[in-house]
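Structure first, then comments.
The values are calculated or read from the model by the stated rules, or taken from the named source; none is laboratory data. The structure displayed is predicted, hence computed values, not measured ones. With ideal geometry, Cβ positions are generated from the backbone for all residues, glycine too; neighbour counts draw on all protein chains shown.
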Amino acid sequence: MNTLDTPLTLPNGQVLPNRLMKSALSEALGDKNNAPDKRLGRLYSTWSRGGYGLMITGNVMVDRRQLGEPGNIVIEDERDLHALSRWAKSAQDAGVPIWAQLNHPGRQANPLALGHTPVAPSPIAPKLPGAKTPRQLRPAEIEEIIERFATAAAVCETAGFNGIQVQGAHGYLISQFLSPLSNRRDDHWGGDLERRMRFGLEVVRRIRARVSPGFAVGIKLNSADFQRGGFTEEESRAVLAALARERVDLIEVSGGSYESMAMSGSASPSTRTREAYFLEYARTARGLVGDIPIAVTGGFRTRDAMQRAVQAGECDMIGIGRPTITTPDAARLMLEGQADALTAHQLRYGMRSLLDRIADLKALDGVLDLSWHTDQIHRLGNGLHPDLSRGRLATTIAMVRRNGRTSFRAKRGGS
């Protein structure tokens, strides 16, 4: 019977030392040229001592013209190879595998960082404040983006990362191709599910063809996007079955998008009580993926719930997101039995009755909470401890300084 401290051998032979994973959290710690700066090394050196069996980075974009937010790291070629190698080594010095999460924002691109119109499968704007209507991608551009993913993965291997994770969830470009709400194409890239999943599958195939067999290739996939008429659990299971034929090494299950933030703590009280938001879906997916391990991220807080999920074979890895920011050694505390539960910090705006009349209060709270956690990530990157007393005003001011007029659009993943 597997436990949290049981090593996990992936299909490609890579061994993860335990079953607790730091899932992706966008750090926004790139320099003015979108290269990793020293704060990232400091941040991941701190996390590397936290006892995790795997660390997955935040958004690494494959096109500097298309950023999710200011400060994204971008990999288009080997120009930043030295800085990337330093970043990878900062984790591996403690013996922890590190994978880079590769992503393209599509219509969720940050207008402030872009300065021009975002691109997407179809010209349909997301239902987010200030969102622009994207330009529909031409077939040749789709092929170019697939190649960009493959190039970024090859650079990551050269830089010394142990693998990559393709971001196929949370409303980013691959997720946009999958959803009938954002993909209204009638060519080879849209229409029925087989054509809507083609883009994501081609990304995985192209990456696998460009990297060595021992380099891990994982993917993050939505169980659903939780929007009426959108990507469903039935469709998601069909995509999982197709991915199982593409030699992926780990599938991380999540859900939602920034229009419906199921991945960021907006679940119902009953769902939060039973912890893992997407575990029930993972159970139904187990028989579709063969020996490919499944990670579940979203809602896990207690050691007992994590242990039960792994022991029962409901999932193989437990993804931990936001608690790793305020408790950088969260995995070690769980593994050594020094803590029974992880604390989830959540910040909300005041004057709720007034704000609720003029704005989407849930969306405002979500953005505030994301920005508070970003502030804590930046403190860790600067060699400081988290500031749990940081309040709403300081968080809002920092948020506006970082993102300007796009501040009130939720942009960061993780749970």
Candidates 99, 47 - the one that is at pLDDT 95 or above, in contact with a strand residue (DSSP E or B) (Cβ under 8 Å, 6 or more places away or on another chain), among the aromatic types (Phe, Trp, Tyr) and over 30 Å from residue 176 (Cα atoms): 47
When you go through (1) of a type outside the set (Ser, Thr, Tyr); (2) in a helix (DSSP H, G or I); (3) at pLDDT 85 or above; (4) over 23 Å from the mean Cα position of the chain (by Cα) one by one for residue 388, which number turns out not to apply? (2)
Selection within segment 178-197 - surrounded by 20 or more Cβ atoms within 10 Å (Cβ to Cβ) and without any contact (Cβ under 8 Å) to a residue 40 or more places away in the chain: 196
In segment 2-16, how many residues are in contact (Cβ under 8 Å) with a residue 60 or more places away in the chain, surrounded by fewer than 18 Cβ atoms within 10 Å (Cβ to Cβ) and either under 22 Å from the mean Cα position of the chain (by Cα) or assigned to a strand (DSSP E or B) (or both)? 1
Selection within segment 57-89 - hydroxyl-bearing (Ser, Thr, Tyr) and under 20 Å from the mean Cα position of the chain (by Cα): 57
May I ask you to list pairs of residues, at least six apart or on different chains, whose Cβ atoms are under 8 Å apart, with the first in segment 201-219 being farther than 16 Å from residue 97 by Cα and the second being of a type in the set (Ser, Thr, Tyr) and outside any helix (DSSP H, G or I)? none
In segment 313-329, which residue that is of a type in the set (Gly, Ala, Ser) and surrounded by 24 or more Cβ atoms within 10 Å (Cβ to Cβ) is farthest from residue 281 (Cα to Cα)? 321
Out of all the residues in segment 204-225, which are under 17 Å from the mean Cα position of the chain (by Cα), in a loop (DSSP other than H, G, I, E, B) and of a type outside the set (Ser, Thr, Tyr)? 224, 225
